[in-house]
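A.B. asks: The structure that follows is given in the form of structure tokens.
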Amino acid sequence: MDWPQAALLLLGGIVALMALGVPVAFAFLAINIVGVLVFMGGMAGIDQLVSNASGTVTTFTLVPVPLFMIMGELFFHTGLAMRVFDALDKCLGGIRGRLSYLTVGGGTLFATLSGSSMANTAMLGSLMMPEMLKRGYKKHMIMGPILATGGLAMIIPPSTLAVLLGSLARIDVGALLIAGIVPGLILAFLYVITIRLQIAHDPDAAPGYAAARAPLSEIVKAFAVNVLPMGLVVFSVIGLILLGWATPTESAAFGVLSVVVLALIYRALTWEAIVKSLTESLAVTAMMFLIILGSSTFSQVLAFSGATSGLIGWATSFDVGPSVMLLAMLLTLIVLGMFMDQLSMMMLTLPIFMPLIQSFGLEPIWFGVIMLLALELSLATPPFGMLLFLMVGVGPKGTTLGEVARAASPYIACSLVVILLLAVFPEIALFLPNLMR
């Protein structure tokens with residue numbers, strides 16, 4: 001079988017099964033079995049498939065995934081997240097759009113203490129939306145900042161998707177996590193500017209109200225009691241990696257331990273919070289690992305069939321530079337993001353993209369950050385962006401998908417700006433990893 005036919009069978013089969021509504025993990029598993037039977041010699045290939053799949057999900061580099069999930073869930077369910085928001089709230093007083101700014105500030109900080117965009121968005125929605133509705137904020141000023149800031153957890157460490165990307169693409173996971181810090185902070189700053197411009201265009205979209213800023217002594221006390229101790233978690237996750245004192249796995253374990261210690265100090269570590277955190281972390285982690293199990297051998301089957309080398313040879317046969325190829329890969333991710341979830345996109349494209357990156361001599365860590373940004377952007381692209389559906393579910397009664405998509409559009413533009421900046425100035429992402437080395 002020629003490589004175009006093999007690529008059509010494997011890649012086309014995956015897309016077709018997903019379009020029919022087959023769960024992602026089972027779609028990958030079914031195509032893997034078909035590919036093994038066709039290209040790897042029947043039942044002997046099935047045995048190899050099982051061996052490779054089990055080896056992939058038991059790799060030590062995936063240990064941070066459940067640990068980061070537990071850390072974020074504990075931070076939310078123990079009420080530590082609410083303490084951070086209360087402290088930040090005292091600084092803003094009654095400025096127009098105060099709650100939108102608070103969403104970005106608090107959500108960015110929570111992104112450094114969580115590993116999940118879905119958890120970050122759900123937390124922001126549950127904490128901020130009722131108050132914003134009560135204050136008379138327009139829908140786009142409520143949903144836009146929540147959607148955008150929720151996705152920051154995909155870029156700012158600890159990011160479970162960054163751990164998965166680094167593990168599967170054989171990129172230094174610690175360096176990839178650290179590389180997301182500066183782009184993530186730039187993105188948060190652009191979100192603040194976007195809110196300011198929207199308020200300037202329509203002052204009634206985010207009304208102000210009479211609320212005096214708290215006295216300086218009260219602000220200092222709130223930060224000392226409720227924010228500064230959270231620096232222990234940030235140091236445990238980011239600082240230990242940056243200083244070279246711990247691997248991502250070890251820093252994830254220290255992160256969980258630091259949240260437990262803080263919850264004990266604040267007397268917030270209840271049995272109910274522990275059970276909820278472990279249950280929700282288990283559900284999400286099991287889903288992720290099931291998808292990895294189904295897709296782990298997909299790249300091997302793709303390579304064995306000749307489709308990978310054929311696609312790479314075809315792509316590199318065009319007389320184009322690395323920038324054009326990077327643009328083509330970004331457009332592919334954006335289009336796929338309209339129809340697929342981020343983990344599926346990553347699993348489908350990594351076997352093709354990483355060899356292409358290597359053939360063009362591009363920096364894998366830099367490309368990994370750009371890919372994470374593109375995946376973050378796709379969370380809010382219609383018609384099937386996951387965060388769009390989440391916002392429709394938790395949004396004001398009568399909220400439509402179109403309204404959510406329009407609210408997200410200015411923030412999608414911010415992500416595109418950061419991707420452009422990274423393409424022109426790679427050192428934005430590589431500065432900290434180079435410093436770490």
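The values are calculated or read from the model by the stated rules, or taken from the named source; none is laboratory data. The shown structure was predicted, so the numbers you read here are calculated from the model rather than taken from an experiment. Here the Cβ is made from the backbone with ideal geometry for all residues, glycine too, and neighbour counts use every protein chain on show. Surface accessibility is based on the protein's heavy atoms, side chains included, excluding ligands, DNA and RNA. Shrake-Rupley method; radii C 1.70, N 1.55, O 1.52, S 1.80 Å.
A.B. asks: Students often check this: by mean Cβ neighbours within 10 Å, which of 122-132, 354-364 ranks highest, and how do the rest follow?
C.D. replies: Packing proxy ranking, top to bottom: 122-132, 354-364.
A.B. asks: Would you mind checking the tilt of helix 271-295 against the longest principal axis of the Cα atoms of the chain, expressed as 0 to 90 degrees and rounded to 10?
C.D. replies: Approximately 30 degrees, to the nearest ten.
A.B. asks: Round to a whole number: what % of the accessible area of the chain belongs to carbon and sulfur, probe 1.4 Å?
C.D. replies: On the chain, the fraction of accessible area on carbon and sulfur atoms equals 71 percent.
A.B. asks: Ok, one more. For a quick check: with amide H placed at 1.01 Å from N, whose amide H comes under 5 Å from Ile156's, ignoring anything fewer than 5 positions away on the same chain?
C.D. replies: none
A.B. asks: Moving on to the next point. With the other protein chains left in place, how much accessible area per residue, in square angstrom, belongs to the chain at a 1.4 angstrom probe?
C.D. replies: For the chain, the solvent-accessible area averages 41 Å² per residue.
A.B. asks: Return the FRET efficiency for the residue pair Ala16, Lys397: r is the Cβ-Cβ distance, R0 is 22 Å, and the value is rounded to the nearest 0.05. Numbers along the way, then the final one.
C.D. replies: Numbers: r = 37 Å, r/R0 = 1.67.
Using R0 = 22 Å, I get an efficiency of 0.05.
A.B. asks: How far apart, in nm, are two points set 7 Å out from the Cα along the Cα-to-Cβ line at Lys134 and at Ile33?
C.D. replies: That separation, rounded to one decimal, is 5.3 nm.
A.B. asks: For a quick protection proxy, order the peptides 13-19, 370-376, 170-176 by their average other-Cβ count within 10 Å, most packed first.
C.D. replies: In decreasing order of mean packing, 13-19, 370-376, 170-176 become 370-376, 170-176, 13-19.
A.B. asks: Taking R0 as 56 Å, what's the FRET efficiency between Val417 and Ala286 from their Cβ-Cβ distance, rounded to 0.05?
C.D. replies: 0.95
A.B. asks: For segment 139-182 and segment 217-254, compute the distance between their C-alpha centroids and round to whole Å.
C.D. replies: Taking the Cα centre of each part, segment 139-182 and segment 217-254 sit 18 Å apart.
A.B. asks: Kindly rank 273-279, 179-185, 143-149 from highest to lowest mean number of other beta carbons found within 10 Å of each residue.
C.D. replies: Per-residue Cβ counts within 10 Å, averaged per peptide and sorted highest first, yield 143-149, 179-185, 273-279.
A.B. asks: Taking the 0 to 90 degree range and rounding to the nearest ten, how far is the long axis of helix 43-57 tilted relative to the main principal axis of the chain, both from C-alpha atoms?
C.D. replies: The angle comes out near 20 degrees.
A.B. asks: Something else now. Under a cut-off of 17 Å between alpha-carbon atoms, report the aspartates and glutamates in cross-link reach of Lys397, not counting same-chain residues fewer than 8 places apart.
C.D. replies: Glu131
A.B. asks: Now for a separate question. Could I have the simple spin-label model distance between Leu243 and Val260, label points 7 Å from Cα toward Cβ, reported in nm to one decimal?
C.D. replies: It works out to 2.1 nm between the two label points.
A.B. asks: Under the Karplus relation 6.51 cos²θ - 1.76 cosθ + 1.60, θ = phi - 60°, what is the ordered set of whole-Hz ³J(HN,Hα) values for segment 258-263, x standing for Gly and Pro?
C.D. replies: Whole-Hz 3J(HN,Hα) from phi for segment 258-263: 5, 5, 4, 4, 5, 4.
A.B. asks: Next question. Could you work out how far helix 307-316 tilts from the main Cα principal axis of the chain, as a 0 to 90 degree angle to the nearest 10?
C.D. replies: 70 degrees
A.B. asks: In Å, the Kirkwood hydrodynamic radius of the chain over pairs of distinct alpha carbons? Numbers along the way, then the final one.
C.D. replies: Details: mean 1/r = 0.0443 Å⁻¹.
So the Kirkwood estimate lands at 22.6 Å.
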